[in-house]
Amino acid sequence: MLIRKLILTVTIAMIAALSVLSQNRSNEPIPAMPKLLSQRQQMDVREKWQMKRLGSLLLPMMKRHGIEMWIVVNEEFHTDPVTPYITPPIPIVGRRDFFIFIDQGNRIERIAVVRYNEERLGNHYKLVMPPRDKIGEEIRKIVDARKPKTIALNFGASRGQQVGLTYDAHRFLTESLGDENAKKFVPAADLLTEFLDTRIPEEFEHYRTAVLATDVITRRAFSNEVIKPGVTTVGDVRWWMMQQLNNIGVDTWFQADLRLQRKATATGTTGQFLSTGKESDIIQRGDLIHVDFGLNYMGLSTDWQKHGYILKAGERDAPAGLKAALKNTNRLQDIIFSIARPGMTGTEVYDLAMAECKKQSITCSIYSHPLGPHGHGLGPAFDFRGAIGGGSNKILPGSYMSIELNTETEVAEWGGQKVTVMAEDDAYMTDSGYKWFRPRQTAFYLIR
């Protein structure tokens, strides 16, 4: 009987200890990591998405933008940013490969001029494989036979996703196609914006899985599983998070950034934003910590910012002033959700949101951006920097957006020191406005 009681006591203690590790705010367990598809499963699913995009979505886009032919050039060790979304997501390793899309009235003709026969590529293109010294001549035959009025190329724009064409590839096309065809060259920028900002329903649940995985890693990082106050450094947390991505077979499009705000200590700034912490900075009790983190899965990128508070001895919650600061950021999110609707430009949303913040006396900054194939995607942006990132672009139904912003609030418990609460949550546009993929943060993650 005594042994049974001892076992029960030890079991209860272990459960309690695990509970502390698996929670980072009151009564809210950290979700389990979702099961991700194998590489082969991912390929099969993404090829089906590609068939839909290239089979039925691309043609009306090309017509809307007045493009009769679109040529994408991919070079070995210099992949065009759109290549993984117009070909099966496998390495394309030819010295220089060409993917040609032709408006044939009621269908898209797709031709790949490549050096190597790849079975999956043949599912989407007619493969043409001339000798190396005949590639330019073969492309000239294709163009001359179709006689397009416009030939779109990925050049002449402001964003990296729109300018994948190199100088040498442009010169090769100009010399191969001749002066008359070269006069037809136009930037594919607007087509690329619509193509990459358009989401299809089949992507939705997979993206929700990606956001959940981002959430799980973040919440584990901001818990006692990883952080021991007075010992753990910013670098320890960053590299723990990066290792988790490797462990589950995904990668990221940017490094995990951590920031520290501390009573009676000024946090530096870099441009318009709080500076990131040094890797050697030790996380202390009473710190407000912040992370900016995202991952790539199924050809889609997430972007995620959250805050944690390191409890001081005897504390059971964050100070009321810090909690009020977080509520101000939640209010700003609510304002954007109340305004943004399909068809509005990013600038319209930004201007209306800032006007409402002024009415409500919220000191804030807004720098929200599209998500999807790229973390800083093409499409509309609600951004204090104006036209940068596409403020004139319209919100597409079903598109994904990083609702990224911050507010600044004086915190009484910190002697009136101003504290910046940054938030970034992934959302999708419906007919009635944005909805979150995962519940937003309304309470700080507490580290004991």
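Every pair of different Cα atoms in the range 355-428 enters the Kirkwood calculation, which places the hydrodynamic radius at 13.6 Å.
Each residue in Ile217, Ile108 was given a count of other beta-carbon atoms within 10 angstrom of its own, and listing them fewest first yields Ile108, Ile217.
What would the Debye equation give as log₁₀ I(q)/I(0) for the range 40-197 at q = 0.14, 0.15 Å⁻¹, counting only Cα atoms as equal point scatterers? Per q value, in the given order, log10 I(q)/I(0) is -0.65, -0.76.
With K and R counted +1 and D and E -1, the other residues having a Cβ less than 14 Å from that of Arg385 yield a net charge of -2. The largest-to-smallest principal axis extents of the Cα set in the range 243-367 are 46, 40, 30 Å. The sum of -39500 (n - 2.57) across all DSSP H runs of n ≥ 4, divided by the residue count of the chain, sets its helix-only mean residue ellipticity at 222 nm to -10000 deg cm²/dmol.
Other residues whose C-beta falls under 11 angstrom from the C-beta of Leu153 contribute a net charge of 0, scoring Lys and Arg +1 and Asp and Glu -1. Computed on the Cα trace of the range 200-447, the radius of gyration divided by the Kirkwood hydrodynamic radius gives Rg/Rh = 0.96. Rg of the Cα atoms in the chain, relative to 2.2 N^0.38 Å, amounts to 1.13.
Size of the dipole of the chain about the Cα centre, Lys and Arg at +1 and Asp and Glu at -1 on the beta carbon, nothing else charged, in debye to 20?
I would put it at about 880 debye.
Note on the range 128-172: semi-axes of the ellipsoid equivalent to its C-alpha gyration tensor, largest first and rounded to whole Å, are 23, 15, 8. For the range 157-204, dividing the convex hull volume of the Cα atoms by the residue count gives 106 Å³ per residue. Just list whichever of Lys228/Lys278; Lys278/Lys358; Lys228/Lys323; Lys126/Lys149; Lys306/Lys327 have alpha carbons separated by over 24 Å in the model shown. In this structure, Lys278/Lys358 lie more than 24 Å apart at Cα. Build a GNM of the chain with springs between Cα atoms under 10 Å: which of Thr329, Thr209, Thr269 gets the top mean-square fluctuation? The residue with the greatest mean-square fluctuation here is Thr269. Averaged over residues, the count of other Cβ atoms within 10 Å places the peptides 115-121, 397-403 in the sequence 397-403, 115-121, highest first. Packing here is the average count of other Cβ atoms within 10 Å per residue, and on that basis the peptides 35-45, 168-178, highest first, run 168-178, 35-45.
Each label point was placed 7 Å from the Cα along the Cα-to-Cβ direction; for Arg385 and Met129 their separation is 4.4 nm. Mean sequence separation of contacting Cα pairs (under 8 Å, at least six apart), scaled by the length of the chain, corresponds to a relative contact order of 14 percent.
Taken together, the values in this text are just the output of simple stated rules run on the coordinates, not laboratory data. All of these numbers come straight from a predicted model, not from anything done at the bench. Because the Cβ atoms are built from the backbone with ideal geometry, glycine has one as well, and the counts that use them run over all protein chains shown.
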